[in-house]
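Let me begin by presenting the structure, written as structure tokens, before commenting on it.
No lab work stands behind these numbers, since they all come straight from the coordinates. This is a predicted model, so every value here is computed, not measured. All Cβ positions, glycine included, derive from the backbone under ideal geometry; neighbour counts span all protein chains shown.
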Amino acid sequence: MSSLALDLARSLIRCPSVTPEEGGALAFLARTLGAAGFAVERPVFSEPGTPDIENLYARIGTGSPCLVFAGHTDVVPPGDAAAWRHDPFGGTVADGLLYGRGAADMKGGIACMLAASLEHLRAHGLPRGSIAFLITGDEEGPAVNGTVKLLDWARARGERFDHCLLGEPTNPSVLGEMIKIGRRGSLTGKLAVHGRQGHVGYPHLAENPIPGLLRLASALIAPPLDAGTAHFDASNLELTTLDVGNPATNVIPAEARAVFNVRFNDLWTAETLGAEIRARLERAAEGARYTLDLLPSNSPAFLTEPDAFVDLVSAAIEAETGRRPALSTTGGTSDARFIKDACPVIEFGLVGQTMHQVDECVAVDDIARLTAIYGRVLTRYFAVGMP
Ligand SMILES: [Zn+2]
């Protein structure tokens, strides 16, 4: 049982690092990594209109292969702290569970990576290669001054990475269930249909935009965009709202709006999907006057093809949990979508059942087992001389 990982997790949870606040979490990591011999950098990135964000990069060793542990120390707000059974920033352990904001997403995962690395260095000495940490404080926020800039910064310094393990909570309910080997892309669109306001008793003097909106919205959701691919579910377009906002019963409104979001697989890019959406609207328009606003997307679909590294991590998980993890691309987006441009990246962490919820918690046993899994990955990775 690694109590080091639990201690680290509790220390991190006690840092109130709600995005964009650093809250002492990165300072704690910097001290701990620095004491273990890592060279630690704390670059701060800024952008007009967004808060300055602190980040952390640490590396021990200069050679390859370089295995990178990635994650974020920022957390979503606790909401009503009084609704929590335990202080969201207390790091309380009760009945075998560690409570606190970030316990699952993802200070717990970072604590396990850190403990596994420190224990590996203690047992084996310097790695035949490098171990690095890429930690941002801007994952739960706009994600503008976080991983994207941290990767650019590292690239400019000549840092080269071979493989990345991101510690997001990938398991739906039991540790060992699921590795994420990719993520779907995301594209949001806003559709407005324009008409002319008028009296419902005199419809010939008005132009009702609602029938046009219904026609266009129906064309967007059917037929299916695709049937899925080898590693991805079918792409899905979800209407998230239809709005007219008309309080009167005797007025034909001037405008009707819809918003939709598409989670798309590796058959599409934001560009090809945008073209398909425009074509569907054009075919269904029948004279309706409309405008489509596709929001800029920085979330492409991506896949890390299952390879020796995926096998190595899967084997480590199976050895500790008895479960062969599913290789999944489900769920929301993550910073892996940026890291994939630097090196192959896969995600495996704790159980995510309570993330972003009141009473966020993880099993203390899982913290020990995840640390052991990461430890096996490190040992095997440097023993076989990946890649
Ligand atoms: Zn997260």
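Cross-link partners of residue 149 among lysines, defined as those whose alpha carbon lies under 16 angstrom from its own and excluding same-chain residues fewer than eight positions apart: 340.
Give me the percent of DSSP beta bridges within the chain that run antiparallel, rounded to the nearest 5. Roughly 70 percent of the DSSP beta bridges within the chain come out antiparallel.
Calculated mean residue ellipticity, 222 nm, the chain: -9500 deg cm²/dmol, from DSSP H runs (n ≥ 4) at -39500 (n - 2.57) each, averaged per residue and rounded to 500. For the range 22-94 versus the range 295-324, the inter-centroid distance based on Cα atoms is 23 Å. Taking other Cβ atoms within 10 Å as a rough exposure proxy, 64, 3 sort from fewest to most as 3, 64. Straight Cα distances below 14 angstrom link residue 180 to the aspartates and glutamates 168, 233, 305, 307, 311, 335, 347, with same-chain residues fewer than 8 positions distant left out. On the basis of the beta-carbon distance and an R0 of 45 Å, residue 318 and residue 227 show a calculated FRET efficiency of 0.90.
Think of the chain as a dipole: +1 on every Lys or Arg Cβ, -1 on every Asp or Glu Cβ, centred on the Cα centre; then among 273, 191, 25, 273 lies furthest on the positive end. Arranged from fewest to most other beta-carbon atoms within 10 Å of their beta carbon, 112, 66 become 66, 112. Given axes a ≥ b ≥ c from the Cα gyration tensor, I'd like to know whether the range 1-70 is rounded (a/c under 1.5), prolate (a/b larger than b/c) or oblate. Oblate shape, in that a/c is at least 1.5 and b/c is the bigger or equal ratio.
For the range 16-155, what class follows from the C-alpha gyration tensor (a ≥ b ≥ c being the square roots of its eigenvalues): rounded when a/c is under 1.5, otherwise prolate if a/b is larger than b/c, else oblate? Before the final figure, lay out the partial values.
Values: a/c = 2.61, a/b = 1.25, b/c = 2.09.
Because a/c hits 1.5 or more and a/b fails to exceed b/c, the range 16-155 counts as oblate.
Of the residues 54, 238, the one with the fewest other Cβ atoms within 10 Å heads the list, and the complete ranking is 238, 54.
With contacts taken as Cα pairs under 8 Å and at least 6 residues apart, the chain reaches a relative contact order of 25 percent. The order of the peptides 127-136, 154-163 by mean Cβ neighbours within 10 Å, most packed first, is 127-136, 154-163. Taking θ as phi - 60° and the Karplus parameters 6.51, -1.76 and 1.60, the scalar couplings of the range 370-381 work out to 5, 4, 5, 5, 4, x, 5, 4, 4, 4, 5, 4 Hz in sequence order, x denoting glycine and proline.
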